[in-house]
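To keep things clear, I will list the structure first and then write my remarks on it.
Rule-based calculations on the coordinates, nothing more; no lab input. What you see is a predicted model, and the numbers here were worked out from it, not measured in a lab. Cβ: placed from backbone, ideal geometry, glycine included. Neighbour counts: every protein chain shown.
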Amino acid sequence: MLLDQIYAQYKPMMFGLAYRMLGNAADAEDIVQDVFSHFMGLDRGDIVNEKAYLAKMTTNRCINLLKSSRRQRETYTGPWLPEPMPDYDMLTRADPAERRENIGYAYLVLLQRLTPLERAIYIAKETLGLEYEDIAEMLGKTEVSCRKTFSRARQKMGPAREDPAGAGPRTEMQERFVEAFLRASDMGQFKPLLSLLKEEVTLLSDGGGKTRAALNPILGVKRVCAFFEGLYAKGSFREGFEPVSVNGEPGLLLRRNGRVSMVLTVDWEPDLSRIRQIFLVVNPDKLRLFNQNSPGTGP
């Protein structure tokens, strides 16, 4: 198989793997390019399984990056959330190798709670469908230890699974929330949202110390409601929210002076009855894809 064919076939898999591991699209892109640059210089005659080999290279580079950036993560200002991805970033790319699968945002947040090794084994097994023998060889571990690590990671993940984005009732419920939030933010009355929120709902706001954000999680439906009412009173919502598809699911974005300044998405209970988490990303570094590709804005 020619190199450009290998690139087109495996780049989406590699990007998805790196994005799940890192929670950062820019770093995922860099790792994919680095892996392919190295791969092009190899004698491929000795490579039996190209998919497994590229997955191994991508995974190990992600683990190394996570180790080197551990201190940065530990000293991050406020909650750390993954970089969200706008769907028009995927849909407007002409190169098939650039097309990306939808990776649910709440699922991505949950993945980041695993250790790098747990994450690598969980993704290799649950997403790539690799056998324990291949995973053990990929990571330099025994099959027994990989099985134990996967079991531990699966327990931490709970009942969460990477559901196909836009599947049935999930989209319907999320769009209902989007419509309700648009009305609430227009009028400054957020109490109508209460019926959609779990009593113990948690709001996480990621500003990374680069813009104002809640430094600690906001717990409970009354405090979350008061938080949004406070932002409205300060004029933070004067340009109005817009519906947008984030990581394959309905969400909202807010502009300031024509630039996207906030992306909001939510996590539902497994039975879709209530929202249990609200995620606000306001760190400008994590909104680059929205501003890079958003109609009417510059890079």
- Which net charge results for the neighbourhood of Arg223, defined as the other residues with beta-carbon distances under 12 angstrom from its beta-carbon, given Lys and Arg at +1 and Asp and Glu at -1? -2
- Query: Taking 0.36 nm per residue of separation and subtracting the Cα-Cα distance, what length does fully extending Asp46 through Leu219 add?
  - Reply: 56.8 nm
- Query: Using the reciprocal of the averaged 1/r over all distinct C-alpha pairs, how large is the Kirkwood radius of the range 188-299 in Å?
  - Reply: 14.7 Å
- Message: If R₀ is 30 angstrom, what is the calculated FRET efficiency for the pair Lys156 and Ala8, using the beta carbon separation as r and rounding to 0.05?
- Response: 0.30
- In debye, nearest 20, what is the charge dipole magnitude of the range 170-242 about its Cα centre with +1 on Lys and Arg Cβ and -1 on Asp and Glu Cβ, if you could check? 280 debye
- Task: Quick one: give the max-minus-min coordinate of the C-alpha atoms of the range 1-64 along each principal axis, largest first, in Å.
- Result: 33, 21, 17
- If the cut-off is a Cα-Cα distance under 18 Å, which lysines reach Lys210, setting aside same-chain residues fewer than 8 apart in sequence? Lys286
- Query: What's the percent breakdown of Cα-Cα distances in the range 3-157 across 10 Å bins, shortest bin first?
  - Reply: 10, 40, 36, 13, 1
- Item | Two-site FRET efficiency, Ser273 against Thr115, from Cβ-Cβ distance with R₀ of 30 Å, rounded to 0.05 | 0.45
- Just round it to a whole percent: the fraction of Cα-Cα distances in the chain exceeding 34 Å. 24 percent
- Can you list the lysines whose alpha carbon sits under 26 Å from that of Lys191, skipping same-chain ones fewer than 8 residues off? Lys222, Lys234
